[in-house]
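Read through the structure below, which is laid out as structure tokens, and then see the notes.
The values are calculated or read from the model by the stated rules, or taken from the named source; none is laboratory data. Because the structure is a prediction, the values reported are computed rather than measured. Glycine gets a Cβ as well: all are built from the backbone with ideal geometry, and neighbour counts include every protein chain shown.
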Amino acid sequence: MSANPIALSVVVPAHNERDNVGPLMGEIEAALTPLGIAWEAIFVDDLSRDDTLSVLQGLKASHPRLRVLSHRSQSGQSTAIRSGVKAARGVWIATLDGDGQNDPADIPKLLAQRDAGDPRVKLYAGWRVDRKDSGSKRWASKIANAIRSRLLQDQTPDTGCGIKLFERAVFLDLPYFDHMHRYLPALVKRAGFEVLSVPVNHRPRGAGVSKYNNLQRAWVGLADLRGVAWLIRRSKRTAVDEV
């Protein structure tokens, strides 16, 4: 085992974000270096059609903590996150969206909440209290959050925020399916742990375009919501004693 184990792995899924990944990596480094902890950043390119992968490979020379993974087929955000978490060497994982709308400066805030918080909390979920998206996207998200919260009872105001902090082992023990990243609070609570929402900064997209529209989100979300509700109804948990 390394004498200086990785304390935190930052996982960033990216698809067609060639103008955002460089500035984002610089911000991650600026946010985490002063903490004095061992960390790594893992960017997962989900078969971008632009030169995102080449840009990331070029960044490695000036950012030695950067690791780059590349999907052989486009597989979506949840799979990209899972690929990064599986490859990570950190005990804890922080995630950020590749579009730069999440602020890496919030990662130390999540870490501070973890260090001062209840050890039963295994997911610290970002809460975009002042979203910088279009009005239609904010309203669609508000409606979706209300429906999801009523059905799943996850007590989480913003499950779609990309910045999160969670324990790697807990994440890898969750059931995997496409779009699971939108249901992490409900899945973590289903596993018997607690979730805490933390207000975080949110920024306008600096470059590129959104990968989803409201109709796509709603259509996929209905099927996922039913599936997660079924998982919760069918779950069983019990304490285990070694005798």
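Quick notes on this structure:
- For segment 42-58, residues that are outside any loop (DSSP other than H, G, I, E, B), in contact (Cβ under 8 Å) with a residue 24 or more places away in the chain and more than 11 Å from residue 18 (Cβ to Cβ) total 3.
- Yes/no for residue 34 being of a type outside the set (A, V, I, L, M, F, W, C), part of a helix (DSSP H, G or I), farther than 17 Å from residue 95 by Cβ and under 19 Å from the mean Cα position of the chain (by Cα): no
- Number of the condition not met by residue 211 [criteria: (1) of a type outside the set (A, V, I, L, M); (2) under 24 Å from residue 118 (Cβ atoms); (3) modelled with pLDDT under 90]: (2)
- Matching residues in segment 59-95 - criterion: being out of contact with any helix residue (DSSP H, G or I) (no Cβ under 8 Å at 6 or more places or on another chain) and exposed (fewer than 14 other Cβ atoms within 10 Å of the Cβ): 61, 62, 64, 72, 73, 74
- All of 36, 22, 26, 90 fail the test of being within 27 Å of residue 176 (Cα to Cα) and not hydroxyl-bearing (Ser, Thr, Tyr), apart from 90.
- Lone qualifier among 200, 188, 195, 170 - being within 21 Å of residue 118 (Cβ to Cβ), surrounded by fewer than 20 Cβ atoms within 10 Å (Cβ to Cβ), touching a helix residue (DSSP H, G or I) at 6+ places or on another chain (Cβ under 9 Å) and at pLDDT 85 or above: 170
- Residue count for segment 75-98 under the criterion of being in a helix (DSSP H, G or I), of a type in the set (Gly, Ala, Ser) and touching a Leu at 6+ places or on another chain (Cβ under 9 Å): the result is 4.
- Residues (under 14 Å from the mean Cα position of the chain (by Cα) and not in a strand (DSSP E or B)) located in segment 187-207: 187, 188
- In segment 106-123, the residues that are over 21 Å from residue 29 (Cβ atoms), under 17 Å from the mean Cα position of the chain (by Cα) and basic (Lys, Arg): 122
- Total residues in segment 173-185 satisfying the condition of being buried (at least 17 other Cβ atoms within 10 Å of the Cβ) and farther than 28 Å from residue 27 by Cα: the figure is 1.
- Filter pass, residue 42 being under 25 Å from residue 169 (Cβ atoms), at pLDDT 95 or above and either surrounded by fewer than 18 Cβ atoms within 10 Å (Cβ to Cβ) or out of contact with any helix residue (DSSP H, G or I) (no Cβ under 7 Å at 6 or more places or on another chain) (or both): no
- Applying the criterion of being in a loop (DSSP other than H, G, I, E, B) and out of contact with any helix residue (DSSP H, G or I) (no Cβ under 7 Å at 6 or more places or on another chain) to the residues of segment 99-115, the residue that is surrounded by the fewest Cβ atoms within 10 Å (Cβ to Cβ) is 103.
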